[in-house]
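Here's the structure, in C-alpha cells; my notes come after.
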Amino acid sequence: MSELNPRVPAAPSGSTVVLAQSQPEPDHFAGLDAALAARGIWSDRLVADQAPVRLGPKTKVVIIKDQSSFVARYALEQGQRVGATIVLLMDGIVEYRNTFLNPAAGSNFLRLAPADVVACAGEMDRQTLSALGNHAVVTGLPRLAGLNTLPPLTTDRAI
C-alpha cells in the first residue's frame, strides 16, 4: 500500500516505464513491453479496469496514447507527481484534417500537448506539432515497417 494513501497500492518498485491505455481498445503498445525488456528496462501497464496504483520514484517515463481518457489523465497526474518524463505517442499518421479540423477535438487540441515530448509519424507532423508549441520527434511508423517485405504492386494487379 502507498504511504500517502493506504487504500491505493504502490506501483511495483522496479517500474521504470509505465504504459497507460484504456480498454477495450486495440493494444497501442503491442511489442513495446518485450522491446523494453530486451534492453533491460522494466515496464508496467495502467489500464482502465485495474485498481489505481501510485507511481513511485523509480518511474522515469510515462507513455500515453491520448490526452483525454481517464487512464491517460490519471497517468499524467501520477507521472508529473513523481517527475517522470511524459511521452504522448501519436498512433499512426497525424492527418491534419482529421486531427486538427475535427470539431470533436476542440480548438485547443495539442496546443500544448500535456507531455514533455510528442512522438509522431513524420516530418510534416513534427512541424505542425512544433508550431503549436510542442517538443515533437519523428519516430516513423514501426507497425508498418514490415510492409517493405511485401511484393511490389504491379500495374496488372487489381486494386
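Table for the structure above
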{"item": "Amide H partners (placed H, <5 Å) of Arg54, local residues excluded", "result": "Ala10, Ala11"}
{"item": "Local electrostatic count at Asp44 - Lys and Arg +1, Asp and Glu -1, tallied over other residues with Cβ under 14 Å", "result": "+3"}
{"item": "Long-range amide H partners of Leu19 with built H, under 5 Å", "result": "Asp44, Arg45, Leu46, Ile63"}
{"item": "Counted charge near Ala136, where neighbours are those whose Cβ lies closer than 13 Å (Asp, Glu -1; Lys, Arg +1)", "result": "-1"}
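Read-outs: derived from the displayed coordinates by stated rules, not from any lab. Model, not experiment: these values are computed from the prediction. Note: ideal-geometry Cβ built from the backbone for every residue, glycine included; neighbour counts use all protein chains shown.
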